[in-house]
Every structure is written in structure tokens, then in C-alpha cells.
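Encoded as C-alpha cells, the structure appears first; notes follow it.
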Amino acid sequence: RLHASCGRLTEEEGVEYGGDTLHGPAYGPTSHSTAASSTPSSSSAFRHVVPSRQIVERQPRMLDFRVEYRDRNVDVVLEDSSTVGDIKHILENELQIPATKMLLKGWKTGDVDDSTVLKTLHLPKNNSLYVLTPDLPPPSSSHSGALQESLNQNFMLIVTHREVQREYNLNFSGSSTIQEVKRNVYDLTSIPVRHQLWEGWPPSATDDSMTLAVSGLTFPCHRLTVGRRSSPVQTREQSEEQCTDVHMVSDSDGDDFEDATEFGVDDGEMFGVASSALRKSPMMPENAENEGDALLQFTAEFSSRYGDCHPVYFIGSLEAAFQEAFYGKARDRKLLAIYLHHDESVLTNVFCSQMLCAESIVSYLSQNFITWAWDMTKEANRARFLTMCTRHFGSVVAQTIRTQKTDQFPLFLIIMGKRSSNEVLNVIQGNTTVDELMMRLMAAMEIFSAQQQEDIKDEDEREARENVKREQDEAYRISLEADRAKREAQEREMAEQFRLEQIRKEQEEEREAIRLSLEQSLPPEPKEESTESVSKLRIRTPSGEFFERRFLASSKLQVVFDFVASKGYPWEEYKLLGTFPRRDVTQLDPNKSLLEVKLYPQETLFLEAKE
């Protein structure tokens, strides 16, 4: 039955959902037609979401199983119409173990055989099982190898919380310590380690620092039981808490929520003691200093009350949730859903168990939202959230939430992040249905998607501009590097040329000094009318020039070499060749006279550069 403002639909407009026919608007992709929202807004600070209708056909429900056997994990996906025997047949092919030798463990219920249909077990979407093979011998290995293997193996600890009769399947590596197990159990049960009373640990597990691999636990699965150490004072306090936790709300406004029969429960269940009596601990500690620790307790207590199929609550402060949802890349941003819980509202139990924990709602939230939660039951926690609300959303939104009555809780706030502020798209009260909740979530998602596309376009354009600027900066940097390299190369070339020029000048100066020295050391040229024997030599240079000189026939050949060197042709670089016969005069003994080397009375020689 729909809210009065939505009107009624005919039987032909009913929608089959989860095996029941809901006479109300179905959720799905929206079209251009709209319908009025069933919950009136209490403030102009909120944008009203107007969903549309479309019929959704029921799809077969698929179940995921992670099956562990020794050091192997096998993933199995089946429809809920399959049987336990179907799982064993798949494992028989994967593990090469006969199905008759398998014991498939880890079921939430006790009586399960191969013919049991999975649908009758009311399983969540994701499940963990393990296989035992007591009739098959374990693989043999050395002691050291077995210890190392145990350290690398994963142990499944099935921990039963005695007070609430709830089981937790916890996976730990063999290298984890008993102390780490107890701390993790504290996060789930809120029982401090010093107050934990255990049953099931092996006798060898005498030290909390001992690793699970050497503690004597049964592999791959071991059962443990934990409870809280009790005292007479604690027992009285718990009794008083249970007594004060039972409420009979009689002053609720009839317009604030629908008749309880709309949710499939009768008045006795709605106002009865059964649901309140199960609340053995608060959802969130009062005056919690750390929001992350408070959210850990909230998640653990929510799972304890309503099962494991529930939204994944963000563990951290509200500021951290904003950062996660709004401040990443535009393509990665999500809407923020804030769930405000209140234990004293008569709608809380139905909203959590039938709406918030519906598989379709859980799946849609996990894909498109970051979900954050807070408990408004305690006045201190309520005041703390209102302070956060004023800081992040403004006083109008805070005042709207402050004026909400207890029977209007729980509340579900849909937040969209914008460039300059955070906008509250919708506030969903507890008096709703699964279909209406889904339609509002999808309508909010339409608004967010339109804004996200604009943000993506702006971000892409900004990145394109930044890329162009980076490319220009890089090209400019490369150009500067090339100019600097070119300038340095020119400077090096000029420096090398200058160095070579200096060397050349020094060599020329040295050669000129040697030439002058040789020229000065030459004996004077004899005159033609000299009475002594004179040899007249005519020497041709490589450039074709000739120069002549007279030498005493008794002069040494070295004097001719010195004369040629004084003209700029040192005998180390040039050969002095005779014509007839052709010979290399520089190869002769320089201490012999010209008469002895037959350069008398006259001779024509020519200079040739040595190779």
C-alpha cells in the first residue's frame, strides 16, 4: 500500500519483486514522465527528487561461494535454485576429490545435505565454505617444511558470541598471533580483551603471543566460543539496561508513518518487546573520541542485529567520507548517503531489516554511494552530529534535522558535493518502502550523473589545457637545452681553436728561434775567388723556388743541413735528395765533408717533405 499522497495503483500495475507483488511504483531507469514524491520536504534547503516509473522484471538470484580446501581457494557461482550436491560436483572436478569423500562445512544452519536447495537456506550473496576430507590422508612433508606451510596457510576461526548466539567466520594467516585474534574479536563484539572469556583454545595455546600455526588449532577450521566475564554488578546493570531499553511510544503523529501492515508486520511485532530485548549493547558508544572507532562498533552491532547483508559503512570521520566521495577525479566521485539511526524509533527495526538490508538496495548503494552512519539515540552523539551538520551543511539543514521527531527516524540523507558547497538532495524518513527508497536513490543518481558529466567535461578541458601548457613548457625547456648545448659547443670549439692557435704560434716561435740560431751559427760563405776548394750547391724547394750557396769542400755535410734548416726546412721534416744519381743525402753521415759525399764542385739538390 502506497503513501496517501501517491494514490493507489490497479492490480495490473503491480510489480513482482522478490516473490511478492508490491502495489506501488517500481524502480528502474527513469523516463520523462514523473510522479509526486511521497514524503513532503520540511525545508527549502532540500531539492526534491521526482522519480519515474518503469516495470522491472525479476532476475534469477546468483550466489557466490568461496570454498577453501587446505591451501586452495575455489570460487563457485550458482543460482539459488541449485542444490548443495551441485556445489560438490563442481568441487569434485576442481579439487579431484570424490564428492562422497567431501564434508562441506560453514553453513549458517545445521541440517544441510546434498539435496538441500540453496534458496531454502536464505543465504546472502557472498558465502565462505570449507571442505574437510577426514577419510583422505594429509600430504606428508618434513617438520620444518610443515611449519613453514602452516605459517603460510589461512585458518578459519568460527567464533560464537555466547551472549547473542551469533557466529563469525574469521580468516587469519598462520603467522597471526592469538592476541591479534582477540583484538579483532573485540572490534566485532565490543568485549575488551581483558573481559573476554574463551572456550575451545587447544591446551598448547598458553601464550597470547603464540602464532596460530604452532598453537595446535585444527586446520583448516577451528571452533571457538567467546563471552563476557560476568560479575554481580554487571548482571544488575545489564538487567536494568534491558528493562530501560523496552519502549512503548504512544505520542507519535499518525501522519508521520504508515500503518505497520504496510511493512508486512503486525502491531505486536511493531511495538512488542521482542525486537528491543535483543539490543544488548548500543549501536555507538556515547562521547566516542574517535569517529572511526565508533563506526567500527556501529558496523559490528548492525551486523549482529540485522545480518551481514547490509550497506558497507565508511569507517572514518565525516570529513574523510567527504574526501572519499567528492574530492577525487570527476569520474571517481560518488554521492554520499548518511544513515541516521535511532534505537527508540518504532520504525528502525523494520527500516533496517526490510529496506536498508534489501539486496537490491545494498548493491545499488555499494556501486554508486559512499555510505556513512551515525547513531542519534544518545543525546551527546546527537549534539555532536548536529554540530558537524551545521559546519558542513549550514544551520538550515541542522535545524531541519533537529526538529525531526523520534518516530520519523531513521533518516537517510543524500548529499552531493559541489565546487563551493555540499548540497542535500533529499532526506528520506523511515516511513518508506523498498520501491520508494530505490526510486529516490535512482532519481538522486540522475541529478548527480548530470552534474558529474559537466564536471568530467570541465576536468577534461582543464587537463587538456594543462597538457598543452606542459607540452609548451617542455618544448621551451628542450629549446633552452638545445640553445645552451649549442652555445657550450661553440664555446668549446672557440676554446679549442684558441688553444691550437696558441700551440701553433708557440711552435712557429720556437722554429723561428731555432732557424735564427742555426743561421747565426753558419760559417761565412766563401768568396768565388777563394783559394780553397769551393762547392757550389743549388737547392730547389717544394714550392719550386731555388736558393744557392757556396760551401768549402772541406765543410761537413751538417753545415748544409743547418743551412737548409735556417731557410725553414728542418731535416727532421724534409729530405734532401740528389739528382744524378738519385739519392737521399739526409741518410748520409753528417760528419763527412762535402768532398767525401761527392757534392763537389757543384750539385743540384731538391727538398721533399717526409711522409
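Taking the Cβ-Cβ separation of ALA383 and MET62 as r and a Förster radius of 45 Å, what is the calculated FRET efficiency to the nearest 0.05? Intermediate results must be reported in sequence, preceding the final value.
On the way: r = 45 Å, r/R0 = 0.99.
Calculated value: 0.50.
What is the Cα coordinate range of the range 143-228 on the first, second and third principal axes, sorted by size from largest, in whole angstrom?
On the principal axes, the range 143-228 reaches 40, 21, 21 Å in Cα extent.
In whole Å, largest first, what are the principal axis extents of the Cα atoms in the range 62-132?
Dimensions of the range 62-132 along the principal axes of its Cα atoms: 28, 21, 19 Å.
Starting from the alpha-carbon convex hull of the range 304-422, give the projected area averaged over all orientations, in nm². The partial results should precede the final answer.
Working: hull surface 30.0 nm².
Taking a quarter of the hull surface, the average projection is 7.5 nm².
Compute the distribution of all C-alpha to C-alpha distances in the range 534-609, in bins of 10 Å from 0, and list the percent of pairs in each, rounded to whole numbers.
The calculated distribution, bin by bin, is 20, 62, 17, 0.
Which of the peptides 365-373, 519-527 is most tightly packed, and how do the rest follow, going by the mean number of other Cβ atoms within 10 Å of each residue?
Details: 365-373: 19.7, 519-527: 12.0.
Going by the mean number of other Cβ atoms within 10 Å, highest first, we get 365-373, 519-527.
If you roll a 1.4 angstrom probe over the protein chains with everything in place, what fraction of the accessible area of the range 304-432 belongs to carbon and sulfur, to the nearest %?
Working: 2140 of 4510 Å².
That fraction is 47 percent.
If you roll a 1.4 Å probe over the heavy atoms of the protein chains, what accessible area per residue do you get for the range 534-609, in Å²?
Working: 4080 Å² over 76 residues.
Here the residues of the range 534-609 average 54 Å² of exposed surface.
With every protein chain in place, what's the accessible area of GLU572 (1.4 Å probe, Å², nearest 10)?
About 120 Å², ignoring ligands and nucleic acids.
Give LYS505/LYS536; LYS125/LYS329; LYS182/LYS378; LYS575/LYS598; LYS334/LYS405; LYS88/LYS125 a once-over and call out the pairs whose C-alpha atoms are over 24 Å from each other. Each step should come with its number before you reach the end.
On the way: LYS505/LYS536 35 Å; LYS125/LYS329 30 Å; LYS182/LYS378 28 Å; LYS575/LYS598 17 Å; LYS334/LYS405 29 Å; LYS88/LYS125 18 Å.
Cα-Cα > 24 Å for LYS505/LYS536; LYS125/LYS329; LYS182/LYS378; LYS334/LYS405; rest within.
The values are calculated or read from the model by the stated rules, or taken from the named source; none is laboratory data. All of these numbers come straight from a predicted model, not from anything done at the bench. Don't worry about glycine lacking a Cβ; one is built from the backbone with ideal geometry, like all the others, and counts go over all protein chains shown. Protein only, heavy atoms only, side chains kept; ligands, DNA and RNA dropped before computing areas. Shrake-Rupley method; radii C 1.70, N 1.55, O 1.52, S 1.80 Å.
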